[in-house]
Amino acid sequence: MSDEIDSGLNVDNSYAEQLTGFYTPSQGDRAPAATLIAFNQPLANSLGLDTDNLSEPQLAAMLSGGTDIKGAAPLAQVYAGHQFGIFSPQLGDGRSILLAEVLDNGGQRRDIHLKGSGRTAYSRAGDGKASIGPILREYILCEAMQQLNVPTTRALSVVSTGEKIKRHKPLAGAVLARVASSHIRVGTFEYFADRGQTDKVKLLADYAIKRHFPQLICGSEAEHHCYLRLLSEVCKSQAALVSKWMNLGFVHGVMNTDNMTICGETIDYGPCAFIDSYNPTALFSSIDSQGRYRFNNQPPAALWNLARLGETLLPLIGTGAAQAVEQAFSVSNSFDGKYRQQWLDRMRRKLAIYNEEPEDLTLALTLMNSFQLNYQKFWLDGMRGKLGLSNAEAEDKKLADDLLELMAAQKVDYTGLFRALAKVVAGIPGPAVDLFTHPNAFEQWLARWADRLERDPQTPATRAAAMNAVNPIYIPRNHLVEQAIKAAEDHADYGPFEKLQRVLSQPFIEREGLEQYASAAADTSTRYTTYCGT
Ligand code: AMP
Ligand code: MG
């Protein structure tokens, strides 16, 4: 390890200092020929990274793990996780490290994390490395999500290591530096709960509250309410997140509990993809044979994961809270006797809650209230925005659902159609109608929509502008992402990656000459398959 580097970062190691037992100190490998392939200068600036005084080789060495950052305490975090519904008691950062925890220019605490930086105490049989393809994919996808206003981890840099790593064939090694509000996962709670270490679960919950939900610092309230409210807040932020995925047509692909953060940011871009032609059961991942994480199963999958989080908190929540929740949700009267038992049994099955404790009712009610109801509201609000509605009517859900049904039946491009609806508002229905092979049913839907718009106060120009601000024209279309990756993998040509980055940096603003970035792939006959990238 070389001398420490003066990074300019305001390092503050709260995880290392406050959560002993939650990690193993860990350093990255020194890359044989670290070269900076991508660098996110605005993000670096916001983090306070002193790029004026750091040479490119210094940055490349630092952002691949080969140099110590002054003041930092790099470490690998331990966690567990339910992977495709099956519990793995021991996972953890197997190919990544928390390089530095910093306070950014706005005073916000953020993790700078490396992915592909070498083996750690949690690598199991893996080599701790990553190849350039999946790393570029993550860079493209997460920065696109940021521009699409979806909570997400960010990409700071890609460094190619100059090393060949062994996969189905030798591939160029690379390291991603990603930035997150934190890397506390549902699986982090599960690791300690599974070992019966309630004191550690409490420590983690208190830390998470302080870091992400400081409004909950619970003062005079009974302590157990605080943990219940933590669960509620996480449910709410996941409801906000997953509703955005669903509004945009994003399929995460591997929503295991170790890939779900407490802070509500999208994390771990592996086999993810955007839907092209609308299909509610869209599934891209090569390893998801049952379709557990298909497009329309994402809300229930999130709820299932949140039930796992809730279970870890039950010993902290206690029976006192159960009564409070029942009162708060006013279910005691309307919800008694046999019906209540039936509901609870159904919820238990749905959420895979196998205990029969009174606290389960608390858990089920909290999840339904904080995730399910919020999710439905957020999704519908998002759909109203996409349809140019600024007010709400009871029939709006049916209007949205009917459109989706038509799109599914005729395999209509999801992003393309919503974008084209603003043109309809501007009096140009052709581009939208042309997306349907049998336009009659769509034209009937357009008439219903026009009626509905009559009862919304916006002018057509305001409405079209509002729609174009939420319906992107440019998304990371699967074929474009693949082209960018292939050029990098096969020829170390990063031109297509850089061009795609520039296009996606303004997803809502149509620009001349970029038509090919706004269109569906010419050939959509073969199913697009994504891989985990391990
Ligand atoms: P993921 O599917 O990417 O969320 O990873 C699941 C688990 O496998 C995590 O604990 C990772 O750290 C670990 N893992 C994935 N790839 C590797 C690798 N190449 N070497 C070591 N551990 C890995
Ligand atoms: Mg993961």
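Every number here is computed from the coordinates shown, using simple stated rules; none is lab data. Keep in mind that what you see is a predicted model, and the values were worked out from it rather than measured. Note that we place each Cβ from the backbone using ideal geometry, even for glycine, and neighbour counts take in every protein chain shown.
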Within the chain: Cβ-based charge dipole about Cα centre, in debye rounded to nearest 20 (Lys, Arg +1; Asp, Glu -1): 880 debye
The stretch 1-67 versus the stretch 243-305: alpha-carbon centroid distance in Å: 30 Å
Where only C-alpha atoms are counted, convex hull volume of the stretch 82-132 per residue in Å³: 132 Å³
Farthest positive-ward along the chain dipole, Cα basis, beta-carbon charges - from ASN149, PRO170, ALA76: PRO170
Per-selection metrics, the stretch 76-226 (Cα): Rg and Dmax in Å: 17.5, 60
P(r) of the stretch 165-285 over all Cα-Cα pairs, binned every 10 Å from zero, in whole percent: 11, 33, 30, 19, 6, 1
Dimensions (Å) - the stretch 4-180, Cα atoms, principal axes, largest first: 44, 39, 37
The stretch 398-534: translational diffusion in µm²/s, Stokes-Einstein, Kirkwood Rh over Cα pairs, 25 °C, 0.890 mPa s: 145 µm²/s
Cysteines in the chain that, by Cβ-Cβ distance, have no pairing candidate under 4.7 Å: CYS142, CYS235, CYS263, CYS272, CYS532
Given charges at Cβ of Lys, Arg, Asp, Glu: the stretch 396-534 dipole, positive-most of ALA464, HIS491, SER505: ALA464
Relative intensity, log₁₀ I(q)/I(0), of the chain from a Debye sum that treats every alpha carbon as a point, q = 0.05 Å⁻¹: -0.21
Long-range amide H partners of ILE69 with built H, under 5 Å: ILE5
Principal axes of the stretch 165-221: Cα extent on each, largest first, Å: 59, 27, 11
Zero-based 10 Å bins, Cα pair distances in the stretch 216-310, whole percents: 16, 45, 24, 10, 4, 0
Cβ-Cβ FRET estimate between GLU510 and ASP434, R0 fixed at 22 Å, reported to 0.05: 0.80
Area projected by the alpha carbon convex hull of the stretch 470-516, averaged over all directions, nm²: 3.3 nm²
Zero-based 10 Å bins, Cα pair distances in the stretch 353-451, whole percents: 13, 39, 22, 13, 10, 3
Proximal aspartates and glutamates relative to LYS164, as straight alpha-carbon distance under 16 Å, when same-chain residues fewer than 8 apart are discounted: ASP29, ASP127, GLU489, ASP490
³J(HN,Hα), Karplus 6.51/-1.76/1.60, whole Hz, each residue of the stretch 168-177, x for Gly, Pro: 4, 8, x, 10, 5, x, 8, 10, 9, 9
Taking THR51, THR312 and counting other C-beta atoms within 10 Å, the order from fewest to most: THR51, THR312
Mean ellipticity per residue at 222 nm, deg cm²/dmol - from DSSP H runs of n ≥ 4 across the chain, formula -39500 (n - 2.57): -14000 deg cm²/dmol
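Mind sorting PHE497, PHE189 by how few other Cβ atoms lie within 10 Å of their own Cβ, fewest first?
Starting with the residue having the fewest Cβ neighbours, the order is PHE497, PHE189.
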Relative contact order, percent, the stretch 4-180 [alpha-carbon distance under 8 Å, six or more residues apart]: 26 percent
